[in-house]
1. Taking the beta-carbon count within 10 Å as an exposure proxy, list 155, 257 from fewest neighbours to most.
2. Once all Cα-Cα distances of the range 78-233 are split into 5 Å bins that start at 0, what whole-number percent is in each one?
3. Mean separation of Cα pairs under 8 Å and 6+ residues apart, divided by the residue count of the chain: what relative contact order is that in percent?
4. Using 7 Å Cα-to-Cβ label points, what is the residue 17/residue 131 separation (nm, one decimal)?
5. Could you give the distance between the Cα centres of the range 98-120 and the range 237-306, to the whole Å?
6. Given just the C-alpha atoms of the range 49-94, how large is their convex hull per residue in cubic angstrom?
7. Just the C-alpha atoms of the chain: what Rg/Rh do they give, with Rh taken as the Kirkwood radius?
8. Quick one: 3J(HN,Hα) in Hz for the range 288-296, Karplus 6.51/-1.76/1.60 with θ = phi - 60°, rounded, Gly and Pro as x.
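Nothing in this text is a laboratory measurement; each read-out follows from the coordinates by a stated rule. Quantities reported herein were computed from a predicted structural model and do not represent experimental measurements. Please note: Cβ atoms are built from the backbone with ideal geometry, for glycine as well, and neighbour counts cover all protein chains shown.
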Amino acid sequence: MKGILVIIDGMGDLPNKLLGEKTPLEDADTPNMDFLATRGEMGLLYPVKPGFIPESDEAIVSIFGNDLMFSTRGQLEARGAGIDLTRGDLAMRVNFATIDSLEDKNIIDRRAGRTLTTEEAEILAKALNKINLPCKFVFEPTVQHRAVLVFRGGFSDNITGNDATYVQGKSKEVNKISNCKPMDEEDNSQYSANIVNEFIGKAFEILNKHPINNERRRKGLLPANYLLVRGAGSEKPKLKPYKKWLSPSYMPLEIGFSEVCGMKVVTFDYPKLESLDSYENLYEGLEKACNFSIKALKKNHKDFDYAYIHIKETDLPGHDNKPVEKKTMIEYIDKTLIKFIRKFAPPNKIKVLITADHSTPCKLKHHSADPVPVLFYNNSIPKEKKFSEKEAARGTLGRINGKDLFKKIGFNK
Ligand code: ZN
Ligand code: ZN
């Protein structure tokens, strides 16, 4: 193996009051990342380009050297969830969410309080799959509040989602639901938007009065009564091939992305959300992800040139404004996965690239355009360094756009 890429989702952050005006990464105790930083170079990465607020899919598509393309997420997530797609099938990423009513349109919570158990999601999905539509479709819950939705047939993907927060250029949350709208004058785009809107309206009627949600209200929990959709895609994204790469992955987006790139995907089942404590589930998932990645590297490193490891959990405390949790997760990754890599990389002459797909500053509770720190370990002469946004800004790699990252450091040769 020549190189390992570790993407720590949403790791970039801004100084936070709760951490004495440090960022979670800066405040975290990360001796193993610092070891690698000391023997390498640092810099700042604009995952897509300066001023752009990336979603995870847009960032990884760019970091892997592709031009940013519209309509990838639904396709990648549906493929990652194991749904077979043919050309023209319209795939979308879905969140179970909470709204007050279709009349008032207020989004109460984008993730139904992050308390929807796996079992509840499966029961609600069963009810949704019985909706009557003029086309075939499949609704598949994935991890926690997440799901994918696929409409079968010859659809246009040139339509918006129904959550204006995710329309590029918006850096503030918009807490009103909207309809999916066509983004061109084509009849098929109008038709496609209509079908999605019809489904979402019918889904609300079913979800809002479903016994699962009545029970949730009784327990004082938010009902999962609405579906927020985005990332419409009806064609397989054309991505650069990465055939000699190993991808230990577990979230549908990363699985789908890796498969479309031709990587070898090895995966595990994410722990089910059984209790109301979504952070307990996240820590369980994080532990599994780190252990699994270590095992996958040990077992397969001779058969592949590179590995792509994407740790998802760290993005969530950013969205929830929990800087201490975020710092704790970064420290956990450092003392497990990165500790292993620190010992594993030098004798095997493996280069290590650690970065994030975007910043999710806790105090903003959403992704931002701020650049993310990059650490590139190439076993160079040790210098005193701590891996953080601040030190990376002074790093020798300078400022890099996502698409140029691998070229700049000679990764994937
Ligand atoms: Zn992300
Ligand atoms: Zn995020």
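1. Numbers: 155 24, 257 31.
The most exposed by this proxy come first: 155, 257.
2. 2, 10, 20, 23, 21, 15, 7, 2, 0, 0
3. Working: 967 pairs, mean separation 147.1, N = 413.
It comes to 36 percent, rounded to a whole number.
4. 4.1 nm
5. Each part reduced to its Cα centre gives a spacing of 28 Å.
6. On the way: hull volume 4.2 nm³, N = 46.
Once divided by residue count, the hull of the range 49-94 is 91 Å³.
7. Numbers: Rg = 21.0 Å, Rh = 21.7 Å.
With Rg and the Kirkwood Rh in hand, the quotient comes to 0.97.
8. Each residue of the range 288-296 in turn: 4, 4, 5, 4, 4, 5, 4, 4, 5 Hz.
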